[in-house]
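**Student:** Questions regarding the structure given below will be posed in turn.
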Amino acid sequence: QVDVRALKEMMWDGVKGLATAPDSEVSFHDVLKTVPRVNKAGAIQDLSIHLCFICVLHLCNEHGLALQGDVHTLDKMVIRDIPPAALAA
């Protein structure tokens, strides 16, 4: 059982924590590394890469972010266009 809302919040916190400027790029892989092993979303073994990617897609839609890279290698996916308001939050 995974709390998707909690996972999205953790992923968003990871994006905001890694972004240093509005024009910075944050890698999907680095955002994944910000998710703690013990967390409120669920057991770490239940948090698949696919589920995390879907959460990032939702975040991109909700916050106007851009997702760029090769769809075959998620390690090279980057999140861009992080709004300045998110950096201050």
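**Student:** So how strong a dipole does region 2-60 carry about its Cα centre when Lys and Arg Cβ are +1 and Asp and Glu Cβ are -1, to the nearest 20 debye?
**Tutor:** Values: 6 positive and 7 negative charges, 38 e Å.
Here the size comes out at about 180 debye.
**Student:** Starting from the chain, pick out the trypsin sites (Lys or Arg not before Pro) whose DSSP state is loop and whose Cβ has at most 10 other Cβ atoms within 10 Å.
**Tutor:** Arg37
**Student:** State the label only: which of [x] 15.8; [y] 13.0; [z] 12.7 corresponds to Kirkwood radius over Cα pairs in Å computed from the shown model?
**Tutor:** Calculated Kirkwood radius over Cα pairs in Å: the matching label is [y].
**Student:** Relative to the first principal axis of the alpha-carbon coordinates of the chain, what is the inclination of helix 49-63, with its axis defined by its Cα atoms, in degrees from 0 to 90 and to the nearest 10?
**Tutor:** Tilt relative to the chain: about 40 degrees.
**Student:** Same structure again: Of Leu57, Asn39, Leu74, which is farthest on the positive side of the dipole of the chain, counting Cα position, with +1 on Lys and Arg Cβ, -1 on Asp and Glu Cβ, and the Cα centre as origin?
**Tutor:** Asn39
All of the numbers you see were taken from the coordinates with simple rules; none came from a lab. Here the structure is a predicted model, which is why all the values come from computation and not from measurement. A quick note on method: Cβ atoms are made from the backbone with ideal geometry, for glycine too, and the neighbour counts reach across all protein chains shown.
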